[in-house]
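Since the structure comes first, as structure tokens, the remarks are kept for the end.
The values are calculated or read from the model by the stated rules, or taken from the named source; none is laboratory data. What you see is a predicted model, and the numbers here were worked out from it, not measured in a lab. Neighbour counts run over all protein chains shown; Cβ positions are idealised from the backbone, glycine included. Please note that ligands, DNA and RNA were not included when accessible areas were found on the heavy atoms of the full protein model with its side chains. Shrake-Rupley method; radii C 1.70, N 1.55, O 1.52, S 1.80 Å.
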Amino acid sequence: MSEVTRSLLQRWGASFRRGADFDSWGQLVEAIDEYQILARHLQKEAQAQHNNSEFTEEQKKTIGKIATCLELRSAALQSTQSQEEFKLEDLKKLEPILKNILTYNKEFPFDVQPVPLRKILAPGEEENLEFEEDEEEGGAGAGSPDSFPARVPGAAIFFEFKHYKPKKRFTSTKCFAFMEMDEIKPGPIVIELYKKPTDFKRKKLQLLTKKPLYLHLHQTLHKE
């Protein structure tokens, strides 16, 4: 095992444990973020060309399956259903597999398949999925969003501000906002902007900036 691969496995293991710890402590937003970060890295490795990877094709397939399981757990944490489809205790079974990926030769414990990298992100998680902290904390004046999608995950309408980072070649969510259902009425509305990642459960909200920065909307309702 090369030093690069050893370091990579150590970072994967540390990220896995952080996510599981957050999950067990009930810090769901942090757990989802960590799972998404690791899933993205594993999926990149699973789809790496053979000459650019030290892992065999079978090992890369297993890595891709672990990424899928991380995504399933992340989706379970964001689900409004009372029954979780993929539990934390299921996910913890994968830690020794990831740690010993170079020697693991048993059947994978769950019936899942690797998914394409472009589909690995759950709604609202198109973030800077790197192990390092996102460097842009410039707040309100750090550039305008390139896109402005809206989502309706249950009892609120969410707005995500996205922008493309040419140097890193991916689209990042800068911040988000949401409207409660009782706020949906004709006329103007002013709503607060919150820091990423998008928190669909609205349990740990952090304002984007201390400055008086808001999303100003004007609603027009149409009857079918």
Across the range 187-209, the tally of residues that are without any contact (Cβ under 8 Å) to a residue 60 or more places away in the chain and assigned to a loop (DSSP other than H, G, I, E, B) stands at 4
Mind checking whether some residue in the range 156-176 is among the aliphatic types (A, V, I, L, M), open to solvent by 50 Å² or more (accessible area, probe 1.4 Å) and either out of contact with any strand residue (DSSP E or B) (no Cβ under 9 Å at 6 or more places or on another chain) or at pLDDT below 85 (or both)? no
When residues of the range 190-213 are filtered for being touching a helix residue (DSSP H, G or I) at 6+ places or on another chain (Cβ under 6 Å) and either exposed (fewer than 10 other Cβ atoms within 10 Å of the Cβ) or more than 12 Å from Glu30 (Cβ to Cβ) (or both), how many remain? 4
Give me a count of the residues in the range 1-31 that are of a type outside the set (Gly, Ala, Ser) and part of a loop (DSSP other than H, G, I, E, B). 2
Can you report the number of residues in the range 29-55 which are more than 20 Å from Gln10 (Cβ to Cβ) and β-branched (Val, Ile, Thr)? 2
Does at least one position in the range 130-138 carry a residue that is open to solvent by less than 50 Å² (accessible area, probe 1.4 Å), over 15 Å from the mean Cα position of the chain (by Cα), more than 14 Å from Gln43 (Cα to Cα) and modelled with pLDDT under 50? yes
Selection status of Glu85, within 19 Å of the chain's Cα centre (by Cα) and outside any helix (DSSP H, G or I): yes
Exactly one condition in (1) under 16 Å from Leu9 (Cα atoms); (2) in contact with a Lys or Arg (Cβ under 6 Å, 6 or more places away or on another chain) is not met by Leu102; state its number. (2)
Criterion: assigned to a helix (DSSP H, G or I), under 18 Å from Glu71 (Cβ atoms), open to solvent by 40 Å² or more (accessible area, probe 1.4 Å) and among the basic types (Lys, Arg) - qualifying residue of Lys44, Lys60: Lys44
Test each condition in (1) at pLDDT 90 or above; (2) open to solvent by less than 10 Å² (accessible area, probe 1.4 Å); (3) under 21 Å from Lys201 (Cβ atoms) for Ile66 and report the one that comes out false. (3)
